[in-house]
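> Before I ask anything, here is the structure I am working with.
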Amino acid sequence: MSPARGPLARKAGKLLSSAGGAVTVQFVTAGGSLLVQALAARSLGAAGYGAYALFVAVLVMITAVQTSWVGDTLTVFDRFEPRVRGALVWSVLGSVSLGALVGAVVSVAMGLAGAAGTALFALLVALWLTNETGRRVFTARMEFWRLTLNDACYLVVTLAALGGLLVAGRSASVELLLAAMCAGCAASIVLARFRLPAEEYALAPLRGTALREVAAFAWWRSIQAGIRPTALLLARVMIAAFASTAALAGVEAARLLLAPALTFVNGAGWFLLGDFAKAEREGRPMRARQAVRACGLMSGIALVLSLGGVLLVDWLGPLVTGGSFAVDEVALAGWGIYAVCFACTLPLASLATARKRSRTVFAIRGVESLTGLAVLAGLLLADPGHAAYAPYCLGAGGLVSAAMLWRMLRKGDPPRQAPVAAAEPLVPQTR
């Protein structure tokens with residue numbers, strides 16, 4: 001290798017390593033969550049697993065909002081600038097405290113657990129959000145392999161704590177699962193504290209911060225990121241209220257079988273947003289047609305993965321549930337449709353976000369979610385046995401949203417000759 005090519009080769013190697021680490025993080029995180037949820041399904045029974053699924057849905061919704069606010073600010077802003085750092089400190093303290101309070105209020109309002117379970121869930125939310133902040137610091141530093149180790153630490157400690165409590169004679173319960181997850185989060189937080197440099201924990205003045213500037217950036221991004229998990233949470237609450245937590249368990253077990261398809265779509269969307277945003281910054285914006293191609297590829301892969309879960313339900317179903325309840329096969333097909341429709345929408349939404357059209361994406365996806373929830377509510381009011389149609393109601397609207405996003409993006413597409421002009425950096429460009 002010539003000396004001139006050496007730095008380029010090293011840079012390419014670092015990029016490939018980072019990409020590999022990022023992919024590994026997705027699988028470790030998703031695989032760990034899948035394993036813990038499968039253990040919950042096997043050990044808690046239908047009613048217990050339904051309550052646990054509601055807890056997880058609340059946790060995912062709170063995390064989506066917090067990590068978009070704090071995590072995206074960590075990545076986009078200069079987190080070492082004193083005013084920004086002070087705003088980040090206030091954001092973390094506020095989001096952790098408010099998240100724990102929301103978790104406790106939701107637990108009491110839905111009657112998911114007693115005083116001990118509610119306290120444990122509030123503690124879990126606080127620990128989870130603190131750990132998520134550390135995860136996003138690793139992401140901002142592009143240290144994905146180090147983040148993978150932290151996520152593996154959470155999984156190992158959670159499983160070890162769960163096994164230890166069961167061996168000690170404690171019976172399986174939602175509270176037991178929450179306590180084990182608290183232990184895993186605490187261990188991951190401690191590990192991150194020792195593995196991140198001291199500069200990442202430096203204090204900053206809490207007066208005269210850039211909180212207003214940060215809020216102006218993070219507000220729309222946070223509520224946009226919270227639409228889908230909030231819709232899923234509300235759908236689960238409606239199923240539990242109109243039908244039962246046992247009915248919810250069958251629907252959730254079906255979603256668990258199709259977790260690989262949903263995880264793939266989420267992970268691919270994360271990378272697409274980064275690629276689209278980078279292209280925008282470098283003056284070579286992507287066109288709507290390129291996002292549509294990504295939609296086709298992602299939906300095809302999601303369809304294949306979904307069909308695998310549907311065809312293997314007779315073997316995988318008892319493995320996941322332990323035979324204590326049945327997987328709802330109507331919902332299983334619905335989650336497959338949901339995954340495919342999600343894949344059709346996400347690349348277009350990512351391109352719109354990269355073009356700083358978050359408010360428009362929020363409006364389109366908000367209408368989609370509200371319409372799906374309204375249809376589901378009507379079906380459940382007519383017959384609580386219609387709980388299995390929840391994923392159909394939430395997913396089918398994605399095709400309409402995809403069409404609307406595509407139409408909007410086409411109008412804002414750069415001129416066809418733009419990529420050619422961008423290849424001539426010495427010629428000044430005007431718009």
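Read-outs throughout are calculated quantities, based only on the coordinates presented, and are distinct from any laboratory measurement. What you see is a predicted model, and the numbers here were worked out from it, not measured in a lab. Cβ: placed from backbone, ideal geometry, glycine included. Neighbour counts: every protein chain shown.
> How far, in degrees from 0 to 90, does helix 329-354 lean away from the longest principal axis of the Cα atoms of the chain, to the nearest 10?
20 degrees
> Would you list CYS341, CYS153 from fewest to most Cβ contacts within 10 Å?
Exposure proxy ranking, most exposed first: CYS153, CYS341.
> Expressed as an acute angle from 0 to 90° and rounded to the nearest 10, what is the orientation of the C-alpha long axis of helix 174-195 relative to the principal long axis of the chain?
Taking Cα atoms only, the helix is inclined about 30 degrees.
> Next up: Expressed as a rounded percentage, what relative contact order does the chain have, with Cα pairs under 8 Å and six or more residues apart? Walk me through the numbers before you get to the answer.
Working: 567 pairs, mean separation 87.3, N = 431.
In percent, rounded to a whole number, it is 20.
> Check each of the trypsin sites (Lys or Arg not before Pro) in region 152-219 and keep only those in coil by DSSP with at most 16 other C-beta atoms within 10 angstrom; list them in order. Before the final figure, lay out the partial values.
Values: sites: ARG170, ARG193, ARG195, ARG207, ARG212; in loops: ARG170, ARG207.
Answer in residue order: ARG170, ARG207.
> For helix 5-66, what angle does its Cα long axis make with the longest principal axis of the chain, in degrees from 0 to 90 and rounded to 10?
Computed tilt is about 20 degrees.
> Roughly how many nanometres apart are two label points built 7 Å out from the Cα toward the Cβ at ALA374 and PHE217?
Those two pseudo-labels are separated by 3.6 nm.
> Mind sorting GLU132, GLU81, GLU199, GLU252 by how few other Cβ atoms lie within 10 Å of their own Cβ, fewest first? Could the numbers behind the result be given before it?
Values: GLU132 24, GLU81 13, GLU199 8, GLU252 27.
Placing the least packed residue first, the sequence is GLU199, GLU81, GLU132, GLU252.
> Given only helices, namely DSSP H runs of n ≥ 4 each adding -39500 (n - 2.57), what is the per-residue ellipticity at 222 nm of the chain, to the nearest 500 deg cm²/dmol?
Details: 15 runs with 347 residues, N = 431.
Taken over the chain, the calculation gives -28500 deg cm²/dmol.
> Hey, another quick one. Based only on other Cβ atoms within 10 Å, what is the fewest-to-most ordering of MET142, MET238? Each step should come with its number before you reach the end.
Working: MET142 16, MET238 20.
Neighbour counts put them in this order, fewest first: MET142, MET238.
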